[in-house]
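See structure below.
The values are calculated or read from the model by the stated rules, or taken from the named source; none is laboratory data. From a predicted model like this one, the values you see are computed outputs, not experimental measurements. Remember, those area values only see protein heavy atoms, side chains included, never the ligands or the DNA or RNA. Shrake-Rupley method; radii C 1.70, N 1.55, O 1.52, S 1.80 Å.
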Amino acid sequence: MAMFVTGLVFLAIGFAWFFFAPKTFDWTVGLYENKRSKSFPVSPFGLIGVVLGIGLIIGSCFTVVGVRNVGVPTVFNKPTGETYGAGLHVKAPWVNVTDIDATIKPEEYFGKNAITVKIADGGDAKIGLSYRWRINPEGADKVFQDYRNSDLDINEAVRKALVSTNVKAAINEELGNYDPLSGADLGTDLTPAELAKLKVNVVPDYKAFNAAIQKNVEDKIKNVGDLIDIQSVTISSLQLPESTQKRINAFNAAVQNTKIALQEVATKEAQADGNKKLADSLKDPNVLVSKCFDGLAAGDFSLPAGGSCWPGGSGVVIPATK
């Protein structure tokens, strides 16, 4: 609009000069008695204004929108409802076009900037995540209309008002029901064998949480006009509250101690069963005879004169070694 108005001004001045300015301009040169008159035509200078005015008016009929930007045309500061993509566009000279940055913007929350979330057991967890977003090109005109008067840049105003606020709200809603020890109630009447087999995955399903958070944010944004696109949400870390970690450690210790105790019981039972079988076998004469022959064959001992491995023969003492 400014270029168009400037062009009209130059055009008016040019025509006025061309038609109403004197045809020539005289001035006197020389010194003292040698003065003489000299003149030159001035009306053709009006053509300069006319040419400049026409050039500015023609230039005001074109606009160029930057790469990955969206052009929002306005008439007297009111959006027309249209948007322009990147490139050269022809427009009415009284239409202004404002570029809105529609590039994808990454946001990260790690370390000291991690997001605090209250999980199901009442503790405060720290979430490290990143997400990518951009202004929806189809909603750029409404974004301009709603946020053009902000003290901040339009993109920064949109980020604070719509993106970060809704992302944090979605994270709290989705992780508010997360309990890493859900189902691991050590106070129930579990048998040692059942406790030893109890397994609880304390690592959250990041993929499921990412999808749930993104959908939650998209649903919230639709309520205000679908002005932005959330490209992705990625949770990379979850620092559990100290109280929750203590519960996890206690659970793991209880399960591990139960497994060790059951293993010790099984070992003692196996040893007792083996000793009982050995004692019972020594009561069988045939076992003794077999052991005797095995020892003779191996050369572990020799029978005295007249000795025999069979019951009723001479007493045989089987030494432990040769």
Inset, instruction - Please tell me which of these pairs span more than 26 angstrom C-alpha to C-alpha: LYS91/LYS142; LYS160/LYS220; LYS91/LYS160? - result: LYS91/LYS160
Legend entry - Gyration tensor over alpha-carbon atoms, the range 73-138, equivalent ellipsoid semi-axes in Å: 43, 13, 9
Inset, instruction - Find the accessible area per residue for the range 70-134; the probe is 1.4 Å, ligands and nucleic acids are left out, and the unit is Å². - result: 52 Å²
Inset, instruction - Over every pair of different alpha-carbon atoms in the range 205-247, take the mean of 1/r and invert it; report that Kirkwood radius in Å. - result: 12.3 Å
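To the nearest whole percent, what portion of all C-alpha pairs in the range 68-182 is separated by more than 22 angstrom? Present the calculation step by step, with values, prior to reporting the outcome.
Numbers: 3145 of 6555 pairs.
More than 22 Å apart: 48 percent of the Cα pairs in the range 68-182.
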